[in-house]
Each structure stands twice: as C-alpha cells, then as structure tokens.
1. Touching a helix residue (DSSP H, G or I) at 6+ places or on another chain (Cβ under 8 Å) and either surrounded by fewer than 16 Cβ atoms within 10 Å (Cβ to Cβ) or without any contact (Cβ under 8 Å) to a residue 24 or more places away in the chain (or both): does that describe Asp159?
2. Consider Glu244 against the criteria (1) farther than 18 Å from Ser217 by Cα; (2) at pLDDT 95 or above; (3) of a type outside the set (Gly, Ala, Ser): it satisfies all of them except one. Which criterion is unmet?
3. Take segment 216-248 and flag every residue that is assigned to a loop (DSSP other than H, G, I, E, B) and either free of Cβ contacts under 8 Å to residues at least 24 places away in the same chain or under 12 Å from the mean Cα position of the chain (by Cα) (or both).
4. Only one of Asp150, Asp104, Asp121 is surrounded by 19 or more Cβ atoms within 10 Å (Cβ to Cβ), of a type in the set (Asp, Glu) and in contact (Cβ under 8 Å) with a residue 12 or more places away in the chain; which?
5. Restricting attention to segment 234-254, which residues are among the aliphatic types (A, V, I, L, M) and touching a strand residue (DSSP E or B) at 6+ places or on another chain (Cβ under 7 Å)?
6. Quickly run through segment 150-161 and pick out the residues that are of a type outside the set (A, V, I, L, M, F, W, C) and not in a loop (DSSP other than H, G, I, E, B).
7. Need pairs with beta-carbon distance below 8 Å; first residue among the β-branched types (Val, Ile, Thr) and within segment 184-213, second at pLDDT 95 or above and part of a loop (DSSP other than H, G, I, E, B); sequence gap 6+ or separate chains.
8. Taking the condition in contact with a Phe, Trp or Tyr (Cβ under 8 Å, 6 or more places away or on another chain) and among the charged types (D, E, K, R), does Arg80 pass?
Amino acid sequence: MSAGTGNAYSFGRHDPASHVLIHVSDPHFLAGGARLGGKYDVEANFARTLDAIRSVHPHPSAIVVTGDLADLGEPDAYRRLRAAVEPVADELGAPLIWVAGNHDERPALRAGLLDAEPTEDPVTGVWDLAGLRLIALDTSVPGWHHGDLDEEQLSWLADVLADPAPHGTLLAMHHPPLPSHLPLFDILELRHQDELAEVIRGTDVRGILAGHLHYSSQGTFAGVPVSVSSATCYTMNVARPSAEVNGMDAAQAFQLVHVYPETITHTVVPVTQAATGDYFSADWLERMAALTPEQRLEAFSRKPGR
C-alpha cells in the first residue's frame, strides 16, 4: 500500500497513487451557527461532508480547504469551523491546510485557525507532504471580493519554486486563474494572471487547486491543470441560462486528488444520501487480487456468451 493512498490493489498499468489529498472549498461558516442567507444550514452541510471524508479515505496526505472559510470573517465562525474539522483531521492523521478566500478576514482567520498574530499579512504557507510540495497562496484583497496577487507574494512564490520538489508542486488558492461562463464571476476574477503565469511556467508546478465558483470546473493555466472544487455550503445551479444562475441547497461536493508519477486525477465526490448498490466490496477486491491478470479478464471483462 502506498503511503497516504489507502489502496493496496493495482490491477492496471498504474501503480497506486503516491499521495491522495482531500480538496474542500467554501464552507462559509457564520457566528452562532447561523444559516447563510437565512436558509442554508452550512454547518449541517459541512458535517455531512466530513462524514463522507471519513468514508472515502483512511489516511489522506492532507485536507486542503480552499477559502471562504467564514462568510463574514467572524471570530466565532472560525472557532466553530476549527472545532468541526480538526478532530477529523486528527482522526485521519492528515495535515489541515487553510486557504484564505474573499469572504475571509485575515486577522480573524490568522488568530482563529492558525494561532497567529491577527494581522492583515497574507495567509500563505509551504507544506512538504512526503515529497509533494503544497503552496498556499492568498488571493484575497482586504475590503474587496475580487482576487489579486501582488508583487511581493509573486516574488515569494518564485523564490519557493526555484528549487523543485521530489514529487512536484501543487498550488492552492481561492480565486481560480480560469474564465467562468457566468458573467458575475468575471467581476470577481483573479487579477495579475499574466504575472502569475510567468512565475509558474517552466517550474515543477503540476496542478492548481481552487474554489470560489461554487461549482466544479476544470481548465488549464500556463500549461498547468486547474481544478475548482464545488462548495460545501451551497452550489450554483448551472442547469439554467447563465444570466439566471443562482444558489441552491443541493449538489454539494468535494474532490479526491490522486497524485501519480505521470498524472494527477481529480474525482468529484457528491455529498449525498442516494441509495447505492452492494456488488463491489473489499471481499470482491480480495477475490480479484487472488487471480492472475488473465483470470481477472475472464472473470470481469469477458461478456457473457461471447
């Protein structure tokens, strides 16, 4: 079993992933457990997300939460979020990585989640996850909802990336460096994207994790894959004309990020109570593992009667 993958079996051409990360975004907690907009029970939705995280992986390499941790930046909201997440991270033995978003307030975030001085300094950091480097960027702009990266943070990023990591680097940020088909997000997009592209192009950056959109989205930026995780609080109902897209209390999700030597996959995990079949199981995997590759093809690939 590869460290942090939770998968002892490999029946195809790829070995098990070297790292598996949980990518969660946009919990939007409020003080006193208040409902977001008076209707979204964000704490209950996040509790269901944490239950799903416990189920999908026994020991993830990290839990990364890409911003909008609190909706109004209230100190009690950060306390409540920390009290919800830290026990799960401890249970799974996973580092917990907080990323700032446009709804966050840096001083309260730093004090409430990082036990740091309550300043307006950017919330950034670097983690060595058994050779996979994760860099948290702070795209928040105090007093505004659009995103930006100033010269100081870009210079810092360039210095960190000057030395490659054994398994490469992932960037985690709130505002994705991608277009959105929803015009409202154009107003709140990330500024200085060209400068960011100059910094990461030609480095060991293998992927970018982001949030902000409240729906899952993928693209590329400066040749690097970008994956946006949907929100846990509420999601955008994109099954409507773009001018009429609004929030809904459904389709909450997070992502499983599997890191392989030659690629990275991002699996959208719906947080749902839907009825599920019971054909596949640990026993089924053990039976397959006991067979040769040719026997596995006969047992599972061959169509009946052919």
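1. On the way: touching a helix residue (DSSP H, G or I) at 6+ places or on another chain (Cβ under 8 Å): no; either surrounded by fewer than 16 Cβ atoms within 10 Å (Cβ to Cβ) or without any contact (Cβ under 8 Å) to a residue 24 or more places away in the chain (or both): yes.
The answer is no for Asp159.
2. Of the numbered conditions (1) farther than 18 Å from Ser217 by Cα; (2) at pLDDT 95 or above; (3) of a type outside the set (Gly, Ala, Ser), the odd one out for Glu244 is (2).
3. The answer is Ser216, Gly223, Ser229, Ser230, Ala231, Thr232, Asn237, Ala239, Arg240, Pro241, Asn246.
4. Exactly one residue qualifies, and that residue is Asp104.
5. Narrowing segment 234-254 to residues among the aliphatic types (A, V, I, L, M): 236, 238-239, 243, 245, 248, 250-251, 253.
Within segment 234-254, Met236, Val245, Met248, Ala250, Ala251, Ala253 qualify.
6. Initial filter on segment 150-161 (of a type outside the set (A, V, I, L, M, F, W, C)): 150-153, 155, 159.
Of everything in segment 150-161, those that are of a type outside the set (A, V, I, L, M, F, W, C) and not in a loop (DSSP other than H, G, I, E, B) turn out to be Glu151, Glu152, Gln153, Ser155, Asp159.
7. That search, which allows pairs on different chains as well, returns Ile187/His146; Ile200/Ala222; Thr203/Pro164; Val205/Gly168; Ile208/Met173; Ile208/Pro176; Ile208/Pro177.
8. Judged against the criteria, Arg80 is a match.
The values are calculated or read from the model by the stated rules, or taken from the named source; none is laboratory data. These numbers come from a predicted model, not from an experiment. Reconstructed Cβ throughout: ideal geometry from the backbone, glycine too, with neighbour counts over all protein chains shown.
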